[in-house]
Amino acid sequence: MIEMKIEKFTNDDFAKAASLAAGAWGEFYTDERQWFIDAVAEYILRYNYSNPLLALKAVGDDGVIHGVLFANFHDDKADVIQWRENIEAQMTDHERGRFCLLADYMLEVDGKTVQCMSDGDVKLSLFISNQKGCGKLLLQAMMEEFQCRSLRHLYLWTDTSCTHEYYPQHGFTLAGQFLSEVYDSYAPGYTTYIYKKDISSESK
């Protein structure tokens with residue numbers, strides 16, 4: 001069994017973690033070339049990496065990153081404009097269209113999630129794991145960090161492409177839901193869910 005160590009995620013980890021993200025989202029782009037899938041995966045990582053102090057990775061004794069967890073505050077913004085411009089310049093028109101659709105969707109749902117938040121709240125922006133048990137370790141470590149900072153509520157968004165029923169069963173309450181305007185023509189009825197959890201209750 002692989003043993004995990006929780007460490008801070010850094011800028012040097014994007015290339016190593018890209019395959020992890022590609023494994024999570026690649027199934028949505030199976031008809032595209034591998035380069036495009038990898039580009040989408042790295043963009044998801046870079047876009048959500050907006051607060052290095054709240055970014056963790058789970059590294060196995062095999063040296064592989066098996067999980068990442070990023071969080072941020074409502075006013076945190078990642079500096080991805082130049083990276084995005086460079087990568088889009090290498091895409092075909094078709095690829096650029098699919099890429100921009102995803103990027104616009106993330107902006108849409110993040111904006112609506114932030115509207116629910118107040119000072120003292122934090123957002124779980126990215127959570128990926130491909131090894132049993134490592135997700136739990138990441139979340140425990142991050143919740144300890146939240147409690148040390150006396151933060152109040154944890155927010156996250158998920159959608160109909162994920163098992164969103166998981167969250168009410170693990171202490172989250174539904175804070176809102178909406179139909180995506182960005183995905184309306186691409187996937188009518190595509191619903192996004194915003195969940196909220198009391199951080200202080202974790203220590204009780």
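Tell me whether the range 12-32 contains one or more residues that are under 22 Å from Arg149 (Cβ atoms) and out of contact with any Ser or Thr (no Cβ under 9 Å at 6 or more places or on another chain). Checked against the condition, which is being under 22 Å from Arg149 (Cβ atoms) and out of contact with any Ser or Thr (no Cβ under 9 Å at 6 or more places or on another chain), the range 12-32 yields no hits at all. Each residue in the range 111-120 was checked for being free of Cβ contacts under 8 Å to residues at least 60 places away in the same chain and of a type in the set (D, E, K, R), and 1 of them qualify. In the set (1) surrounded by fewer than 18 Cβ atoms within 10 Å (Cβ to Cβ); (2) of a type outside the set (Asp, Glu); (3) in contact with a helix residue (DSSP H, G or I) (Cβ under 7 Å, 6 or more places away or on another chain); (4) over 26 Å from Glu181 (Cβ atoms), Met106 fails one condition alone, (4). Screening Lys123 on (1) open to solvent by 20 Å² or more (accessible area, probe 1.4 Å); (2) within 21 Å of Asp198 (Cα to Cα); (3) in contact (Cβ under 8 Å) with a residue 12 or more places away in the chain shows it passes everything except condition (1). The residues of the range 126-137 that are open to solvent by 50 Å² or more (accessible area, probe 1.4 Å) and either at pLDDT 95 or above or within 15 Å of the chain's Cα centre (by Cα) (or both), listed by number, are Phe127, Ser129, Asn130.
For the range 8-46, name all the residues that are open to solvent by 40 Å² or more (accessible area, probe 1.4 Å) and more than 17 Å from Asn130 (Cβ to Cβ). Lys8, Thr10, Asn11, Asp12, Thr30, Asp31, Arg33, Gln34, Trp35, Arg46 - these are the residues of the range 8-46 that are open to solvent by 40 Å² or more (accessible area, probe 1.4 Å) and more than 17 Å from Asn130 (Cβ to Cβ). Applying the selection to the range 176-195, what residues are surrounded by 18 or more Cβ atoms within 10 Å (Cβ to Cβ) and either without any contact (Cβ under 8 Å) to a residue 60 or more places away in the chain or not aliphatic (A, V, I, L, M) (or both)? Across the range 176-195, the qualifying residues are Ser180, Tyr183, Thr192, Tyr193, Tyr195.
The values are calculated or read from the model by the stated rules, or taken from the named source; none is laboratory data. All values reported here derive from a predicted model rather than from experimental measurement. Note that each Cβ is placed from the backbone with ideal geometry, even for glycine, and that neighbours are counted across all protein chains shown. With ligands, DNA and RNA removed, areas are computed over all heavy atoms of the protein, side chains included. Shrake-Rupley method; radii C 1.70, N 1.55, O 1.52, S 1.80 Å.
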